[in-house]
């Protein structure tokens, strides 16, 4: 079981350059968490005051839900706060949660990036796909089908295959107990907003974004990061892709510097807020030309869907949609 090739910071940076890049700030990580929640709150307030803006709010909130998952990912690397206990508390309780389990899983992805043992290899292995297939996946994401298959279909399947002595209410209660944040958070939000006539706010401004926009941007992020990279790629500068992101893409698709993924794989303990500076230093040193980069997300999508449509195999769900492959949002 061979680990993926790694790079050493000393091969690219002087100590004076590297130390600021790898230093964890005691306030930047918490400030980014606060930013995500404030944006979610402001977008929700906008939608409740002006219902015509609900579609815009769904996209903004869904992107910040991804942002919270990205910050939990930073916490998995110990990069959200210099104090590990504070880091883990922030990463567990102010993000989607499941930090410890995710950390174990995700560090395996870094150790074996694009190797047979990479637990995320199933996300990139099918690419390139056809344009027809990509359109189907986007439709499934935006209509909630991906969310249903990942989150709810296993419950209905379990009820349909219940064993002797098991009852549907018992299985449903077990399902609820395993997801306390979702159900308790929903109940509390409804209780707080219903007296003001906004009983629908949690359903439309939290659940709907998480069931539609979040699966879509998670998919596009996954594609941009590792799609069309050969299995067993030997070059550590090409295990992951950095994609240039416009302002609109940073708002709706790639928050908190997640687009600097090649730099993240090269130096996984650099906090996300230092990745742009890392990118600039590597560019100035002439390293960027050897790294895997893309000029835009649209360019990556075109490459990832470059398989001829005549080779399309129909509408089979991807491993991620079937819940076979973990993602940061699980």
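The values are calculated or read from the model by the stated rules, or taken from the named source; none is laboratory data. Worth saying up front: this structure is predicted, and the values here are computed from it rather than measured. Cβ placement follows ideal geometry from the backbone for every residue including glycine, while neighbour counts extend to all protein chains displayed.
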### Residue identified as at pLDDT 95 or above, crowded, with 23+ Cβ neighbours inside 10 Å and within 14 Å of the chain's Cα centre (by Cα) among 80, 66
66
### Message
Tell me whether region 143-154 contains one or more residues that are surrounded by fewer than 13 Cβ atoms within 10 Å (Cβ to Cβ), under 24 Å from residue 211 (Cα atoms) and without any contact (Cβ under 8 Å) to a residue 60 or more places away in the chain.
### Response
no
### Query
Restricting attention to region 287-305, which residues are more than 21 Å from the chain's Cα centre (by Cα) and surrounded by 14 or more Cβ atoms within 10 Å (Cβ to Cβ)?
287, 288, 291
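Take residue 282 and tell me if it is crowded, with 21+ Cβ neighbours inside 10 Å, farther than 28 Å from residue 62 by Cα and either at pLDDT 95 or above or touching a strand residue (DSSP E or B) at 6+ places or on another chain (Cβ under 7 Å) (or both). Step through it out loud before you land on a result.
Values: crowded, with 21+ Cβ neighbours inside 10 Å: yes; farther than 28 Å from residue 62 by Cα: yes; either at pLDDT 95 or above or touching a strand residue (DSSP E or B) at 6+ places or on another chain (Cβ under 7 Å) (or both): yes.
Yes, satisfied.
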### Task
With respect to residue 301, determine if the residue is at pLDDT 95 or above and under 21 Å from residue 79 (Cβ atoms).
no
### Summary
Of the conditions (1) at pLDDT 95 or above; (2) under 15 Å from the mean Cα position of the chain (by Cα), the single one that residue 137 does not satisfy is (2)
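Each row is one residue, and each column tells you yes or no for (1) over 23 Å from residue 110 (Cα atoms); (2) outside any helix (DSSP H, G or I).
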| residue | (1), (2) |
| --- | --- |
| 265 | no, no |
| 269 | no, yes |
| 274 | no, no |
| 278 | no, no |
| 281 | no, no |
| 286 | yes, yes |
| 289 | no, no |
| 300 | no, no |
| 303 | yes, no |
### Query
residue 255 fails exactly one of the following numbered conditions: (1) part of a loop (DSSP other than H, G, I, E, B); (2) closer than 27 Å to residue 132 by Cβ; (3) modelled with pLDDT of 95 or more. What is the number of that condition?
(2)
### Query
If you take the residues of region 83-116 that are exposed (fewer than 15 other Cβ atoms within 10 Å of the Cβ) and part of a loop (DSSP other than H, G, I, E, B), which of them is modelled with the highest pLDDT?
83
#### Entry: Some residue of region 234-242 being in contact with a strand residue (DSSP E or B) (Cβ under 7 Å, 6 or more places away or on another chain) and either surrounded by fewer than 15 Cβ atoms within 10 Å (Cβ to Cβ) or more than 24 Å from residue 61 (Cβ to Cβ) (or both)
yes
### Task
Please determine, by comparing only the residues of region 163-202 that are assigned to a loop (DSSP other than H, G, I, E, B) and modelled with pLDDT of 90 or more, which one is farthest from residue 41 (Cα to Cα).
178
### Query
Is it the case that region 18-31 has a residue that's within 30 Å of residue 190 (Cβ to Cβ), in contact (Cβ under 8 Å) with a residue 40 or more places away in the chain and either assigned to a helix (DSSP H, G or I) or out of contact with any strand residue (DSSP E or B) (no Cβ under 7 Å at 6 or more places or on another chain) (or both)?
yes
### Task
Please specify each residue of region 180-201 satisfying the condition of being surrounded by fewer than 13 Cβ atoms within 10 Å (Cβ to Cβ) and free of Cβ contacts under 8 Å to residues at least 12 places away in the same chain.
180, 184, 187, 188, 191, 192, 195, 196, 197
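Rundown of residues vs (1) under 23 Å from residue 123 (Cβ atoms); (2) out of contact with any helix residue (DSSP H, G or I) (no Cβ under 8 Å at 6 or more places or on another chain), yes/no style:
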| residue | (1), (2) |
| --- | --- |
| 257 | yes, no |
| 268 | yes, no |
| 274 | no, no |
| 277 | no, no |
| 282 | no, no |
| 288 | no, no |
| 292 | yes, no |
| 295 | yes, yes |
